[in-house]
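Here it is, the structure in full.
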Amino acid sequence: MKPYTEIDHTADTALEIYGNTLEQLFKNAAKGFYYLVSVPDKIHPNDYRELNLQENSLEDLLISFLNELNYYLMVHSSVFSKFEHFYLKQEKETWKLYCKGKLALLEAEAVANMQEIKAVTYHQIRIEKKDQIYFTQIIFDI
Amino acid sequence: MKFKEYSIKQIDEYLYEIPQSGAMLKPGRIYANKQMMQQLMEEAEPLQQVINVAHLPGIEKYSLAMPDIHWGYGFPIGGVAATDWDTGIISPGGVGYDINCGVRLASTGLQNTDVKPRLKKLVEELFRTIPTGVGSSDAIKKLNKKDMSRLLRDGAHWVVEQEFGSEEDLSFIEETGRLNWAQPDMVSIRAIERGQTQVGTLGSGNHFLEVDEIDRVYDEQVAEALGLFKGQIVVLIHTGSRGLGYQVCDDYLKVMGKAARKYHIILPDRQLASAPINSPEGQNYLGAMAAAANFAWSNRQVIMTLAKKAMLRVLGLTESELNFNLVYDVSHNIAKKEKHLVDDNVIKTVCVHRKGATRALAANNPALPEKYRSIGQPVLIPGDMGRYSFICIGTKRAEQETFASTCHGYGRLLSRHKAKK
């Protein structure tokens with residue numbers, strides 16, 4: 001199963017993302033995001049970072065997660081190379097995410113050649129399940 | 001004409017109306033010709049967004065769409081809506097992620113022959129001096145938190161004090177480059193972090209700095225008042241509030257999502273999430289939005305100054321030989337407190353949301369600098385990068401029909417993939 005497909009969009013860019021589990025959906029969303037911003041193939045992780053996020057819906061949690069990746073890229077020139085721990089949990093009306101991953105600092109020249117994402121939008125986002133596969137569509141404002 | 005369950009009536013050659021129906025509080029009006037309307041009806045989403053905006057509590061007159069209307073988030077790009085300042089709402093979706101994205105035009109005393117022999121070196125120097133691209137940063141020294149707070153509060157006024165440009169420039173910027181109701185404390189730490197190294201940077205996407213030549217003059221009197229002439233070299237800058245603005249919008253979309261539930265505001269699109277202007281959430285967003293707007297004006301002021309210095313260096317000219325002057329700076333993603341004529345010929349204070357739309361004041365408006373009061377406000381409308389851009393002038397008709405608004409010039413007909421094919 002491919003992790004994501006790029007979708008044609010008039011003004012910006014969009015991905016359809018797939019996963020056998022919700023955790024895989026989220027991790028594939030990260031892969032798709034890094035594909036859109038053109039992270040170089042060779043990166044050298046040198047640190048670990050944990051993320052603890054919570055939102056009132058799974059969709060909001062996914063947006064927050066991707067915005068967190070964007071923040072690390074834009075402010076710290078860093079990307080997550082691999083997630084070693086990745087958990088999603090629903091507690092009453094709150095969805096929580098915990099992950100721990102290896103972080104790689106990118107060279108300035110590599111960052112300069114990448115595509116900037118202004119924001120991960122909420123436009124028509126819905127996480128659905130069909131034929132045992134989770135999928136969602138996300139539009140990125142560039 | 002029919003669009004889904006809505007009827008569309010033609011008002012004149014370039015104006016169509018979707019009459020108020022269902023949960024719409026006002027009609028929708030689209031400035032487009034017949035061919036554009038047919039295309040919009042096929043695309044569907046932009047027209048649906050015009051209809052959605054017409055649901056906003058407190059909306060006055062119409063949900064408007066300028067001729068470069070296309071698909072946005074919440075509002076269509078090219079969308080304009082004014083809401084009653086006392087009883088209506090404010091929506092970050094009506095401003096956009098890139099708060100105060102806008103355009104600035106500077107003129108020089110030069111002609112093509114003065115620049116062409118050194119054009120390649122000039123472009124290289126501009127690239128070297130003004131960072132572009134992802135995470136572009138460090139055009140000027142990283143600002144500490146105190147300086148950031150001052151910049152967010154005072155906008156272009158503060159950067160002029162830091163010797164980027166002159167006091168005279170301020171008159172030629174919309175709102176003199178400062179919304180005086182900015183509240184830097186309403187800007188998150190994360191937004192500050194994103195903006196600290198980005199003052200003086202273009203960013204990416206459709207942002208640009210262009211060295212242009214005036215190709216055609218349609219009105220000599222207006223051109224003279226603007227200090228422009230055929231064959232003149234000018235500099236056009238398009239950028240906004242960079243990562244700071246994007247983060248402010250994102251932060252407040254979350255706040256407004258909760259506020260909409262709190263104030264029982266039911267809207268057809270979550271990206272229209274909003275709060276009453278006179279609520280804590282509404283006031284906080286206005287304060288943060290104004291701070292981000294001030295960042296954008298500061299950004300364009302610094303970029304212009306850096307561009308001028310690059311030209312002086314490469315062309316080996318004195319200041320008086322270059323004769324570099326700010327013509328005007330306009331915003332096309334912003335919400336402003338303005339007085340306009342609404343229904344029943346009443347003048348009301350409204351919150352005008354312009355998302356991919358430019359303010360266009362007519363002659364004699366006191367908000368204009370003295371030099372332009374006899375002609376009206378310059379309206380800067382860039383075309384595709386590397387193609388024609390236009391300098392227009394605001395008219396009475398805009399003030400009467402569209403809350404003094406017009407298009408901003410970035411309509412997109414094809415996706416990047418389709419365009420490449």
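The values are calculated or read from the model by the stated rules, or taken from the named source; none is laboratory data. Please read all numbers here as calculations on a predicted model, not as lab measurements. Note that we place each Cβ from the backbone using ideal geometry, even for glycine, and neighbour counts take in every protein chain shown.
When you look at residue A:59, is it at pLDDT 95 or above and within 14 Å of chain B (Cβ to nearest Cβ), yes or no?
Numbers: at pLDDT 95 or above: yes; within 14 Å of chain B (Cβ to nearest Cβ): yes.
It is true that residue A:59 is at pLDDT 95 or above and within 14 Å of chain B (Cβ to nearest Cβ).
Does the range B:104-125 include one or more residues that are touching a residue at least 12 places away in the same chain (Cβ under 8 Å), farther than 20 Å from residue A:120 by Cβ, in contact with a strand residue (DSSP E or B) (Cβ under 6 Å, 6 or more places away or on another chain) and in a loop (DSSP other than H, G, I, E, B)? Outline the logic, then answer.
We begin by selecting, within the range B:104-125, every residue touching a residue at least 12 places away in the same chain (Cβ under 8 Å); these are B:104-112, B:114-115, B:118-119, B:121-123, B:125.
From what's left, farther than 20 Å from residue A:120 by Cβ: B:104-112, B:114-115, B:118-119, B:121-123, B:125.
Those left that are additionally in contact with a strand residue (DSSP E or B) (Cβ under 6 Å, 6 or more places away or on another chain): B:104-108, B:110, B:112, B:115.
Imposing the further condition that a residue be in a loop (DSSP other than H, G, I, E, B) reduces the set to none.
No, that holds for no residue.
All but one of (1) more than 11 Å from every other protein chain (Cβ to nearest Cβ); (2) farther than 16 Å from residue A:23 by Cα; (3) under 12 Å from the mean Cα position of the chain (by Cα); (4) not basic (Lys, Arg) hold for residue A:104; state the number of the condition that does not hold.
Going through the list (1) more than 11 Å from every other protein chain (Cβ to nearest Cβ); (2) farther than 16 Å from residue A:23 by Cα; (3) under 12 Å from the mean Cα position of the chain (by Cα); (4) not basic (Lys, Arg), residue A:104 breaks only (3).
A follow-up question, please. Where residues in the range B:353-378 are hydrophobic (A, V, I, L, M, F, W, C) and within 17 Å of residue B:69 (Cβ to Cβ), which of them is surrounded by the fewest Cβ atoms within 10 Å (Cβ to Cβ)? Steps first, please.
The initial filter retains those residues of the range B:353-378 that are hydrophobic (A, V, I, L, M, F, W, C), namely B:357, B:360-363, B:367-368, B:375.
Among the residues that remain, those that are also within 17 Å of residue B:69 (Cβ to Cβ) are: B:357, B:360.
Details: B:357: 30, B:360: 24.
Checked the range B:353-378; the qualifying residue surrounded by the fewest Cβ atoms within 10 Å (Cβ to Cβ) is B:360.
I'd like to know if the range B:2-20 contains one or more residues that are buried (at least 21 other Cβ atoms within 10 Å of the Cβ), within 14 Å of chain A (Cβ to nearest Cβ) and not in a loop (DSSP other than H, G, I, E, B).
So in the range B:2-20, the residues buried (at least 21 other Cβ atoms within 10 Å of the Cβ) come out as B:16, B:18.
Remaining after also requiring within 14 Å of chain A (Cβ to nearest Cβ): none.
No, every residue in the range B:2-20 fails to be buried (at least 21 other Cβ atoms within 10 Å of the Cβ), within 14 Å of chain A (Cβ to nearest Cβ) and not in a loop (DSSP other than H, G, I, E, B).
Would you point out the residue of the range A:58-95, among those that are loosely packed, with under 15 Cβ neighbours inside 10 Å and hydroxyl-bearing (Ser, Thr, Tyr), that is farthest from the chain's Cα centre (by Cα)? Spell out how you get there, then give the answer.
Kept after step one, since they are loosely packed, with under 15 Cβ neighbours inside 10 Å, are these residues of the range A:58-95: A:82, A:84-85, A:87, A:89-94.
Among the residues that remain, those that are also hydroxyl-bearing (Ser, Thr, Tyr) are: A:87, A:94.
Working: A:87: 14, A:94: 19 Å.
Residue satisfying both the conditions and the ranking: A:94.
Could you grab me the full set of residues in the range B:151-197 that are more than 18 Å from residue B:326 (Cα to Cα), among the small types (Gly, Ala, Ser) and modelled with pLDDT of 95 or more?
Kept after step one, since they are more than 18 Å from residue B:326 (Cα to Cα), are these residues of the range B:151-197: B:151-154, B:179-197.
Going one step further and asking which of them are among the small types (Gly, Ala, Ser), we end up with B:182, B:188, B:191, B:195.
The answer is B:182, B:188, B:191.
Tally the residues that are in a loop (DSSP other than H, G, I, E, B) and either crowded, with 24+ Cβ neighbours inside 10 Å or within 14 Å of chain A (Cβ to nearest Cβ) (or both), restricting the search to the range B:37-82.
Number satisfying all stated conditions: 9.
Check B:197, B:176, B:201 and return the single one that is away from chain A (no Cβ under 14 Å) and polar (S, T, N, Q). Steps first, answer last, please.
Values: B:197 fails: away from chain A (no Cβ under 14 Å); B:201 fails: away from chain A (no Cβ under 14 Å).
Among B:197, B:176, B:201, only B:176 is away from chain A (no Cβ under 14 Å) and polar (S, T, N, Q).
Filter the range B:83-103 down to residues that are in contact with a Lys or Arg (Cβ under 8 Å, 6 or more places away or on another chain) and hydrophobic (A, V, I, L, M, F, W, C) and give me whichever is farthest from the other protein chains (Cβ to nearest Cβ).
First pass over the range B:83-103, keeping only residues in contact with a Lys or Arg (Cβ under 8 Å, 6 or more places away or on another chain): B:84-85, B:93-98, B:102.
Next cut, hydrophobic (A, V, I, L, M, F, W, C) only: B:85, B:95.
Working: B:85: 27, B:95: 13 Å.
Ranking the qualifying residues of the range B:83-103, first place goes to B:85.
Here's something else I'd like to know. Restricting the range B:337-373 to residues that are touching an Asp or Glu at 6+ places or on another chain (Cβ under 8 Å) and among the charged types (D, E, K, R), which is nearest to residue B:97 (Cα to Cα)?
B:359
Here is a further query. What single numbered condition from (1) more than 15 Å from residue B:308 (Cα to Cα); (2) assigned to a helix (DSSP H, G or I); (3) within 14 Å of another protein chain (Cβ to nearest Cβ) fails to hold for residue B:128?
(1)
Please enumerate the residues belonging to the range B:196-254 that are crowded, with 24+ Cβ neighbours inside 10 Å and of a type in the set (Gly, Ala, Ser).
B:200, B:203, B:240, B:241, B:243, B:245
Is it the case, given these coordinates, that residue A:14 is farther than 19 Å from residue A:103 by Cα and either in contact with a Ser or Thr (Cβ under 8 Å, 6 or more places away or on another chain) or assigned to a strand (DSSP E or B) (or both)? Walk me through how you get there before you give the answer.
Numbers: farther than 19 Å from residue A:103 by Cα: yes; either in contact with a Ser or Thr (Cβ under 8 Å, 6 or more places away or on another chain) or assigned to a strand (DSSP E or B) (or both): yes.
Yes, satisfied.
Do you know which of the residues in the range A:108-142 that are within 16 Å of residue A:40 (Cβ to Cβ), facing another protein chain (nearest Cβ under 7 Å) and of a type outside the set (A, V, I, L, M, F, W, C) is surrounded by the most Cβ atoms within 10 Å (Cβ to Cβ)?
A:116
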